[in-house]
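**Student:** Encoded as structure tokens, here's the structure I'll be asking about.
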Amino acid sequence: MKLRNVDETICALCTPPGKSSVAVIRVSGNKALDICQKIFTKELKKPRYFYFGKILKNQSLIDEALCVFFKGPSSFTGEDVVEFHVHGGPEIVKKTIELLLNQGATYADPGEFSYRAFINNKIDLVKAESISNIINSDSDTAFKNSILNFSGEINKKFNDIRELGISLLANIESRVDFPEDEVPEINKKEIIDQFAEIIDRLTFFVSSYKKGALIMNGVKVLILGPPNVGKSSLMNRIVLQDKSIVSDIPGTTRDVIHSEIVIKGIKFNFFDVAGIRDSNNPIEKQGIKKAMEKIDYSDIVLHVLDDDSCNNLERSDQRNLKIPRGKRILVLNKIDKLTKSQLSACNKQISEIFKDTKLVHVSAKENSNIDLLENALIERVVEFDDNDSEVLMTSNRQYALSQNAIKNFIEARNLFEQSFHLEIVVEEIRAGIDCIAQITGEISNEDIYDVLFSTFCIGK
């Protein structure tokens, strides 16, 4: 998407489409007030004051509405902005927007209001990304992190690191620009310490990305195991709906069944797949292949077993499933059917083969210990990241640029330690600083802007 000329006045519905009690239509640009006054009966004399009036088309009533005017630059976009609060009927919204378009406005592209806020220095790129994340947050944890980032916490971290980089650059560049007898002799330890602080801060912040991305996008959990151990029943218990077909017939689940649920403020994406076993059925074999492919895609694997599969672990394919260390949580299902001695035997068998692997006992049928399994999932998410920062990086763009900045500063430090020409060291430092400046948008990259803002919904 190529964002249009900002001289145009744009309009769009900025509340969700469909029927509602109230819908808000936003107009932004240097002709916003003039265009809106042509269709609204009350004169918008005072900014930030709601006026009640009528929206008319050739003296015919479209709606009675509230209207408010925000004088630029004291508005979200930094331009003159007018908002109509109309009754939320789709036809009213449609007719009002048609009137605005007929008077000279153009329909806004996705993210165009936020883009104008950015170019008018009302928000930076980090804040713009936070707006998108706030809108798309579907868990309490994702929402809280997005709000924290929007408040400027993440931007402050980037700016602090950038200031450290500028200080380092000035320290070294003074030895390049001025004769040796006009500046003090370079303090090598001081320079190395400055490099270390910048690299450590960036690395610490980048280390939060994995957890941040999981919280924002959802933790992918694969439910895996042999046929008829109760994988589908377990998924239905966890997500509180009958998404997977439950049957005693082996091989019932052949395609990947997906369901989402928020557990203790964190979004989880569960995938129920075909039971893993040797099969000559071509359709079932394809389902098993899909299941195995999901192992690499998932963040956590719930490896489900029962008494029968425990007794056959030594000669079972379950033993040799290539699940990366740290992904697997073992789930012993159907404990309602086990005696104490049988349970003890299962525990022993599992612990001998899957050493140091989390094991949870459940009964999907009886809804027993499902809370313990949920706790194990939450604990595993916490384990993904030992970074104790309250602010989590969630943007892939920020992550990639931060990684590049780390590489630049490491290369600059290595060159400095090897006594390379300071001019080369300076260029690497500048490249690192530029990466950080691109994160906040201080250095222009219009291709990035087009991609970033096009992901926004219309009206933001």
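**Student:** Among the residues of region 27-62, count how many are in a strand (DSSP E or B), over 39 Å from the mean Cα position of the chain (by Cα) and not basic (K, R).
**Tutor:** Number satisfying all stated conditions: 8.
**Student:** Right, next: Might you check whether a residue that is at pLDDT 85 or above, in a loop (DSSP other than H, G, I, E, B) and surrounded by 14 or more Cβ atoms within 10 Å (Cβ to Cβ) occurs anywhere in region 368-375? Reasoning before the result, please.
**Tutor:** Filtering region 368-375 for residues at pLDDT 85 or above gives 368-375.
Checking which are in a loop (DSSP other than H, G, I, E, B) leaves us with 369.
Now drop any that are not surrounded by 14 or more Cβ atoms within 10 Å (Cβ to Cβ), which leaves 369.
Yes, region 368-375 contains at least one residue that is at pLDDT 85 or above, in a loop (DSSP other than H, G, I, E, B) and surrounded by 14 or more Cβ atoms within 10 Å (Cβ to Cβ).
**Student:** Hey, does region 215-231 have a residue that's under 25 Å from V301 (Cα atoms), out of contact with any strand residue (DSSP E or B) (no Cβ under 7 Å at 6 or more places or on another chain), modelled with pLDDT of 80 or more and not in a loop (DSSP other than H, G, I, E, B)?
**Tutor:** Yes, there is a match, as at least one residue in region 215-231 is under 25 Å from V301 (Cα atoms), out of contact with any strand residue (DSSP E or B) (no Cβ under 7 Å at 6 or more places or on another chain), modelled with pLDDT of 80 or more and not in a loop (DSSP other than H, G, I, E, B).
**Student:** So which residues in region 76-115 are of a type outside the set (A, V, I, L, M, F, W, C) and part of a loop (DSSP other than H, G, I, E, B)?
**Tutor:** The answer is T77, G78, E79, D80, G89, Q103, G104, D109, P110, G111.
**Student:** Moving to a separate point now. Residue by residue through region 2-19, note down the ones that are loosely packed, with under 15 Cβ neighbours inside 10 Å and touching a residue at least 24 places away in the same chain (Cβ under 8 Å).
**Tutor:** Listed by number, the residues that qualify are K2, R4, P17, G18, K19.
**Student:** Hey, among the residues in region 54-78 that are closer than 24 Å to K94 by Cβ and of a type in the set (K, R), which one's modelled with the highest pLDDT?
**Tutor:** Among them, the one singled out is K54.
**Student:** Does at least one position in region 279-295 carry a residue that is buried (at least 21 other Cβ atoms within 10 Å of the Cβ), modelled with pLDDT of 55 or more and in contact with a Gly (Cβ under 6 Å, 6 or more places away or on another chain)?
**Tutor:** Scanning region 279-295, I find no residue that is buried (at least 21 other Cβ atoms within 10 Å of the Cβ), modelled with pLDDT of 55 or more and in contact with a Gly (Cβ under 6 Å, 6 or more places away or on another chain), so the answer is no.
**Student:** Something else now. Could you please let me know if S368 is of a type in the set (G, A, S) and touching an Asp or Glu at 6+ places or on another chain (Cβ under 8 Å)?
**Tutor:** So S368 passes the test.
**Student:** Quick one: V86 ticks every box in (1) surrounded by fewer than 20 Cβ atoms within 10 Å (Cβ to Cβ); (2) touching a helix residue (DSSP H, G or I) at 6+ places or on another chain (Cβ under 7 Å) bar one, so which box is it?
**Tutor:** (1)
**Student:** Can you name the residue in region 410-426 that is over 33 Å from the mean Cα position of the chain (by Cα) and charged (D, E, K, R) and is also surrounded by the fewest Cβ atoms within 10 Å (Cβ to Cβ) among such residues?
**Tutor:** Among those residues, the one meeting the criterion is E423.
Residues checked against (1) within 24 Å of N408 (Cβ to Cβ); (2) surrounded by 17 or more Cβ atoms within 10 Å (Cβ to Cβ); (3) modelled with pLDDT under 85:
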{"residue": "N133", "(1), (2), (3)": "no, yes, yes"}
{"residue": "L148", "(1), (2), (3)": "no, no, yes"}
{"residue": "S151", "(1), (2), (3)": "no, no, yes"}
{"residue": "R162", "(1), (2), (3)": "yes, yes, no"}
{"residue": "I172", "(1), (2), (3)": "yes, yes, yes"}
{"residue": "L202", "(1), (2), (3)": "yes, yes, no"}
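**Student:** I've got another one for you. Tell me which of these A400 doesn't satisfy, since it passes every other one: (1) assigned to a loop (DSSP other than H, G, I, E, B); (2) under 30 Å from the mean Cα position of the chain (by Cα).
**Tutor:** Checking A400 against (1) assigned to a loop (DSSP other than H, G, I, E, B); (2) under 30 Å from the mean Cα position of the chain (by Cα), the one that fails is (1).
The values are calculated or read from the model by the stated rules, or taken from the named source; none is laboratory data. No experiment lies behind these values; they were computed from the predicted model shown. In this analysis, Cβ positions are derived from the backbone assuming ideal geometry, glycine residues included, and neighbour counts consider all displayed protein chains.
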